[in-house]
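Quick notes on the structure that follows.
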Amino acid sequence: MNPHKPGRKSYHPLLVFEGKSHLCLNGVLRPENVHSADNGIEFAEETYRLLSAQYLIRYARFDKGFGGEKFYSYWEQQKINYAGKLKWTSRLKKYVENDNSPWIRYVDDELIVIEGKTVYYQATSWEKPRRVAVIRKADKYEEDQLQLFDFLWDYEAIVTTMDWEPMDIWRFYNQRACLENYIKESKYGFSMDKTVDPISYQP
């Protein structure tokens with residue numbers, strides 16, 4: 001349902017963008033009540049068929065609405081490297097806390113500290129462990145402010161097939177943040193948010 005206009009029909013679209021040109025390469029309109037990952041593999045297969053004849057696809061990025069054994073296996077079978085956000089679950093949190101490998105500090109300036117590490121983690125639905133880049137960030141307090149703990153960390157985890165440093169994986173993944181702007185362009189420039197169902201449309 002449309003939260004701003006109750007009762008009005010709406011869509012839950014799937015869109016794929018090319019990272020450098022920012023072009024929308026494929027899209028599909030789905031019913032409003034589906035999960036983000038529903039038909040995700042079929043959509044990926046269709047997009048791959050459309051592009052692979054002319055282009056070499058090297059990387060895929062996707063948010064935490066997508067994932068699972070079948071989804072990851074699809075990219076691995078196609079030999080396409082990926083970086084996908086993971087939900088920071090209590091199970092993953094405990095696994096990272098119990099991991100003895102050291103944190104690497106990448107940023108330490110007046111405002112923020114950023115550290116990272118790599119773990120090999122297997123979620124309950126996965127058939128094998130996968131490489132996960134974990135980044136933790138914390139804001140620094142001014143020296144005259146009371147600070148009860150060393151740092152209040154904010155964690156992010158990204159499952160990946162690439163052997164890059166965790167900081168590089170994190171930066172690569174976060175380039176997809178600009179997708180929100182592309183979606184806004186589609187809405188405001190092409191009225192994607194006002195698409196009419198041709199079956200139910202009455203002039």
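Peptides 21-30, 71-80: what's the order by average Cβ count within 10 Å, highest mean first?
Ranking, from highest mean packing down: 71-80, 21-30.
For labels at LEU111 and SER125 in the simple 7 Å Cα→Cβ model, what's the distance in nm?
Taking the simple label geometry, LEU111 and SER125 are separated by 3.7 nm.
Which of LYS64/LYS137; LYS20/LYS128; LYS87/LYS117; LYS20/LYS70 have a Cα-Cα distance over 22 Å? The partial results should precede the final answer.
On the way: LYS64/LYS137 19 Å; LYS20/LYS128 32 Å; LYS87/LYS117 17 Å; LYS20/LYS70 27 Å.
In this structure, LYS20/LYS128; LYS20/LYS70 exceed 22 Å between Cα atoms.
All of the numbers you see were taken from the coordinates with simple rules; none came from a lab. Predicted model only: the values in this text are computed from it and were never measured. Using ideal geometry, Cβ is built from the backbone for each residue, glycine included, and neighbour counts are taken over all protein chains shown.
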